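Structure record follows, encoded as structure tokens.
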Amino acid sequence: MKNPIVRISVAATLFVLAAAVLLPGLRHHKAFAQQTFPGGTYSFSAQQPSSSSTVAAAADMGVLTFDGNGNVSGSFLYVQTGNPVQPVTGQLVGTYVINADGSGTISLQSPDGAISLSMAIALTDGGKGFYLMLTSGSQVVTGSARMQ
């Protein structure tokens, strides 16, 4: 295939064949930007493993309600390893952004400003759930959430 016209023709044919095979499957895949994030109420849990003798293991659980317009509110229960365990409860309000690829961010604060959190999220199951990872602070905290 030394002739450049033949090479271009073969390349164009292969491109068309690949498009014919791949595009029907891609047509049925909807990007999150094309859908409205369903919003709704999600139950979540998150864990912070003990990373040293000075950092105790901890866990959170609660409920977050997303309004479909970038606002989120909810409540939580937090416990940390101790004797005895001292549960802490509270309210959170904030904002969220969902990207076209299903990734996003959540920023949450307590009404009095004592708590301020930033998280990265990745939607799963078409928005029926998400994985979360704390991106603020100095501890590793990961978790997941499911639509109620």
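Quick notes on this one:
- Most to least accessible of M133, M147 (protein chains only, probe 1.4 Å): M133, M147
- Taking amide H as placed 1.01 Å from N in the peptide plane, the amide H of I115 sits under 5 Å from that of S110, each at least 5 places away or on another chain.
- Cα gyration tensor shape for the range 38-148, rounded if a/c is under 1.5, else prolate or oblate: prolate
The values are calculated or read from the model by the stated rules, or taken from the named source; none is laboratory data. Just so you know, these numbers come straight off a predicted model, no measurement behind them. The area values use the complete protein model at the heavy-atom level, side chains included, leaving out ligands, DNA and RNA. Shrake-Rupley method; radii C 1.70, N 1.55, O 1.52, S 1.80 Å.
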